[in-house]
Amino acid sequence: MWGKGTNNILGAILVSLWLLWGVNTLGDLLIPKVEAAKSEGTEMAAATAGPKGAPEEVEPLQIRLVSADVEKGKTVAKKCVSCHTFDKGQANKVGPNLFDVYGGPHAHVQGFAYSEAMKKKAGPWSAEDLDAFLTKPATYAPGTKMAFAGLSSGKERAAVIKYLQSLSDAPKPLPQP
C-alpha cells in the first residue's frame, strides 16, 4: 500500500516525537518547577516548602542574620564556585572574585567586565542589596550577565550574606534588629 519512502517518513516522525517526549521528561526531572509567590507585603519563598507544602515565610533580614551561620553560608556558597572565587587575591572566573564584596561598591573588582546593569547600581553592597540580588539576580539588576536563578530560602541567603561579610580583612558590621 505505502512505499518505502512513506514508511521512512512516518518512522522519522515517530522517533522525533519519542525523542521530544523523552527530553521533556528528563528536563522535568532535572529542573524542578518553581511557582511564583502570591503574597503581597510578605516575602514568600515558593520553592522552599514547609511541612504541608506551604511556602516558607521569610523573616525580616535582620532577624535571619542574627541566627545565620557562617559555615552554612560557606557550604551554600559552594553553588557559586563554578563562576566565582572567594579568597583574597584569587583570580576572577566567569564572575568576579567575591572577597570583600560586603560593604564595598557594586562592580567592586577593577578590570572585571561587569554588565551595564551592574555598573549602574550605586552605593555599597548592603545586606539588603545582597538579599535582593541572591533572591533573583535578574530582578535585582535587569540585564545582568549573571545566569544564576537565585536562592529561594531566606535562611540560606542570610547565611551566604554572613559568609560574604566575613570575607574581609576588616569586616563591616551587619545590620542589627
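The values are calculated or read from the model by the stated rules, or taken from the named source; none is laboratory data. As the structure is a prediction and not an experimental result, all values here were calculated from the model. Reconstructed Cβ throughout: ideal geometry from the backbone, glycine too, with neighbour counts over all protein chains shown.
Picking from Glu128, Glu57, which residue would you name as being at pLDDT 95 or above and among the acidic types (Asp, Glu)?
Glu128
Being within 12 Å of the chain's Cα centre (by Cα) and surrounded by fewer than 21 Cβ atoms within 10 Å (Cβ to Cβ) is the filter here; which residues of segment 153-177 pass it?
Ser153
If we scan segment 157-171, do we find a residue that is free of Cβ contacts under 8 Å to residues at least 60 places away in the same chain and out of contact with any Ser or Thr (no Cβ under 6 Å at 6 or more places or on another chain)?
Checking segment 157-171: at least one residue is free of Cβ contacts under 8 Å to residues at least 60 places away in the same chain and out of contact with any Ser or Thr (no Cβ under 6 Å at 6 or more places or on another chain).
Could you list, in sequence order, the residues of segment 147-165 that are under 23 Å from Val94 (Cα atoms), hydroxyl-bearing (Ser, Thr, Tyr) and part of a loop (DSSP other than H, G, I, E, B)?
Listed by number, the list holds a single entry, Ser152.
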